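The values are calculated or read from the model by the stated rules, or taken from the named source; none is laboratory data. Since the structure is predicted, the reported quantities are computational estimates derived from the model, not experimental observations. All Cβ positions, glycine included, derive from the backbone under ideal geometry; neighbour counts span all protein chains shown. To get the accessible areas, we keep the full protein, side chains included, count just its heavy atoms, and leave off ligands, DNA and RNA. Shrake-Rupley method; radii C 1.70, N 1.55, O 1.52, S 1.80 Å.
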Amino acid sequence: MQKIIVIGSPGAGKSTFSRKLRDVLHLPLFYLDMIYHRPDRTTVPREEFDKKLSEILAKDKYIIDGNYQRTLEVRLRECDTVFLLDFPLEVCLDGALARVGKKREEMPWVEEELDPEFKKWIEDFPHIKLPKIYELLEKYKHEKNIIIFKSRKEADEYLKTIEKSNG
């Protein structure tokens with residue numbers, strides 16, 4: 001596990017999981033949200049995002065946190081390990097609500113509310129985005145180490161296991 005991507009619904013806890021994984025494995029962590037979003041809430045042009053992503057993918061070691069489905073297959077081709085946090089919708093909505101008003105290292109601003117559009121995106125994720133993710137994972141299942149968690153408890157237990165083996 002040297003080239004890792006962490007994917008899943010917003011609010012699932014990808015960034016929290018990624019930070020814990022970074023602390024155990026001592027790999028550099030990159031947040032796609034920090035590459036894509038500017039502090040003034042605008043976004044970088046596609047070419048700039050793709051260039052920065054290519055630079056990360058060229059590295060020997062990394063953890064990349066974020067979905068960004070447009071570039072998912074590119075990241076899948078380059079990584080050796082995928083973690084999918086496939087948690088129930090309510091868990092993800094609660095997670096997104098819990099971070100409102102909090103400064104986060106993976107986002108260049110503090111969300112003051114759960115934006116209705118963003119909430120809808122989370123609600124649609126299991127029906128619109130997740131099937132496409134599973135399709136891609138199926139395509140790469142023989143080439144990549146794919147680990148799917150259905151609960152935070154599963155993810156935490158996994159982290160404890162690798163912490164023991166790396167300790």
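Taking the condition of being under 13 Å from M107 (Cβ atoms) and in contact with a Pro (Cβ under 9 Å, 6 or more places away or on another chain), how many residues in segment 5-39 meet it?
Summing the residues that are under 13 Å from M107 (Cβ atoms) and in contact with a Pro (Cβ under 9 Å, 6 or more places away or on another chain) in segment 5-39 gives 5.
Exactly one of these conditions fails for D80: (1) within 27 Å of K160 (Cβ to Cβ); (2) in contact (Cβ under 8 Å) with a residue 60 or more places away in the chain; (3) surrounded by 18 or more Cβ atoms within 10 Å (Cβ to Cβ); (4) not aromatic (F, W, Y). Give me its number.
Of everything listed in (1) within 27 Å of K160 (Cβ to Cβ); (2) in contact (Cβ under 8 Å) with a residue 60 or more places away in the chain; (3) surrounded by 18 or more Cβ atoms within 10 Å (Cβ to Cβ); (4) not aromatic (F, W, Y), D80 misses just condition (3).
Just the residues that are touching a helix residue (DSSP H, G or I) at 6+ places or on another chain (Cβ under 9 Å), more than 17 Å from E90 (Cβ to Cβ) and without any contact (Cβ under 8 Å) to a residue 24 or more places away in the chain, please, taken from segment 100-114.
Within segment 100-114, E111 is the sole residue that qualifies.
Results for (1) at pLDDT 95 or above; (2) over 15 Å from the mean Cα position of the chain (by Cα), shown as yes or no for each residue.
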position	(1), (2)
V74	yes, no
V82	yes, no
L89	yes, yes
C92	yes, no
G101	no, yes
R104	no, no
D124	yes, yes
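For segment 1-16, how many residues meet the condition of being among the hydrophobic types (A, V, I, L, M, F, W, C) and either open to solvent by 10 Å² or more (accessible area, probe 1.4 Å) or assigned to a helix (DSSP H, G or I) (or both)?
So the answer is 1.
Could you pull out the residue among K160, K164 that is over 16 Å from the mean Cα position of the chain (by Cα) and farther than 24 Å from F30 by Cα?
K164
Can you confirm whether E157 is outside any loop (DSSP other than H, G, I, E, B) and either of a type in the set (F, W, Y) or at pLDDT below 95 (or both)?
The answer is no for E157.
If you scan segment 36-64, which residues turn out to be of a type in the set (D, E) and open to solvent by less than 70 Å² (accessible area, probe 1.4 Å)?
Listed by number, the residues that qualify are E48, D50.
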